[in-house]
Every structure is written in structure tokens, then in C-alpha cells.
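I'd like to ask you about the structure that follows.
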Amino acid sequence: MRVGLFGGSFNPAHEGHAHVAETAMQRLRLDRVIWLVSPQNPLKPSHETADLADRIAGVRAFARGRNMIVADAETRFGSRYTIDTLRALKGRFPGVKFVWVMGADSLATFHRWRGWTQIMREAPVAVVSRPWISLRSRFSPAARRFRAARWPSGRAAGLPGASAPAWVFLRGPLNFQSSTALRERVRRSRP
């Protein structure tokens, strides 16, 4: 089984997230994409993060199709960091070929994540282009550090069976929605 792990705050979930998940599903020929809704991103202020149940409900509206699964694995495992969640899932499902999936906006700041180099060595990583950040993300500290492990996008379908470190940057049509812009729009509309 080939499974993409798409983690995030999804605060709120939007069509851009669905675009990332669907692009990864198609280009990597995944059997499933699991949306891992983080209880609290350690790099973001908790007062700006909506309730976990609300964010999970929001993700369900965008995780379309039976091969898109919504999970609160970090809450269930009691893990706070992606590296711990990834290792727990690999330990529970040793026969599954996992790929970490992220938007290019996450790659731009990936070097701030706890254990980011270990994540790159634990599972192949697929990065899906996002507006305004794709170029900067391809020159990020993570992209530079692991440049020798980057695969050509034409070989993306083979990534789930690859030994880590291995990563691919998937270009394609861009979706311009962002959680930051949606939160700002809500803030402006309040009296």
C-alpha cells in the first residue's frame, strides 16, 4: 500500500489543501492520502488556532473520496511533532510505503520543524507547488541540504517505493487559497 501523509493545522481547511492532497494522490499514484490534523502546531500561536473538532470537520469537507482519510493521529499517539507521528505510523504499519506530503509553503519553513532532517531520512517527501512561494521554497535550507536527494518530477510515481532521503517537487496548476488569507478575511468581517 502506498500512502501519503498530509499533516497540518488546517486552520481552516480550504481548496488549496485539497489541491495538494489530490495532486499528490495522482502524481505519486497513491492508494490513500491521510490528512493528519495537528492538535496544535508548535510554531503557531495557540490563541489563533481553532478547536481541533472544528478543524477536523472542516477537513472532512475537502478530503473528498473514499481514498482521502481524515485522522487525529497526533492526538491519539500523544505526539506533538511530525517526526514522532511518522515513526509511530511506520512502527504500526511496517508494510506500508509512506510518503510525507506538503505544500511548497511548508518546505520554505521546514528547517524550523523539530527533527526536519530526520523526517527527510524517515520517508520520501513530496512537495506540491503553491503560489508566491514555490521559487523561494526550492532554495530553502531543506531544499539546499537535500538537493542530491531530489528526484525529477517525471519519476514522481516511483517515489513511494524509494529509500529516504528522496524528495520531489511537483509543479502544476496553482490554487491561490490560503489559511492565512481566510483567517484575515474573517478578522476583517468582525464588528
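Give just the number: which of (1) in contact with a Pro (Cβ under 7 Å, 6 or more places away or on another chain); (2) among the aliphatic types (A, V, I, L, M); (3) farther than 21 Å from Thr82 by Cα does Ala162 not satisfy?
Result: Ala162 passes all but (3).
Among the residues of region 117-137, which ones are under 16 Å from the mean Cα position of the chain (by Cα) and closer than 23 Å to Gly16 by Cα?
Once the filter is applied, which keeps residues that are under 16 Å from the mean Cα position of the chain (by Cα) and closer than 23 Å to Gly16 by Cα, region 117-137 yields Pro124, Val125, Ala126, Val127, Val128, Ser129, Arg130, Pro131, Ile133, Ser134, Ser137.
Hey, another quick one. Against the conditions (1) without any contact (Cβ under 8 Å) to a residue 60 or more places away in the chain; (2) not in a loop (DSSP other than H, G, I, E, B), where does Thr109 fall short? Just the number, please.
Failing condition for Thr109: (1).
Which residue, of Val59, Val33, Val101, is crowded, with 21+ Cβ neighbours inside 10 Å, without any contact (Cβ under 8 Å) to a residue 60 or more places away in the chain and not hydroxyl-bearing (Ser, Thr, Tyr)?
Criteria check complete, one pass: Val59.
I need a count of the residues in region 19-42 that are modelled with pLDDT under 95 and within 15 Å of Ile56 (Cβ to Cβ).
The qualifying residues number 4.
Further, regarding this structure: Name the pairs whose Cβ atoms lie under 8 Å apart, with the first residue in region 76-90 and buried (at least 16 other Cβ atoms within 10 Å of the Cβ), the second modelled with pLDDT of 95 or more and of a type in the set (Asp, Glu), and 6 or more positions between them or separate chains?
Taking only residues 6 or more apart or on different chains, the pairs are Ile83/Glu122; Leu86/Glu122; Arg87/Glu122.
The values are calculated or read from the model by the stated rules, or taken from the named source; none is laboratory data. Because the structure is predicted, anything quoted here is derived from the model rather than measured. FYI the Cβ positions are ideal-geometry reconstructions off the backbone, even for glycines, and counts take in every protein chain you see.
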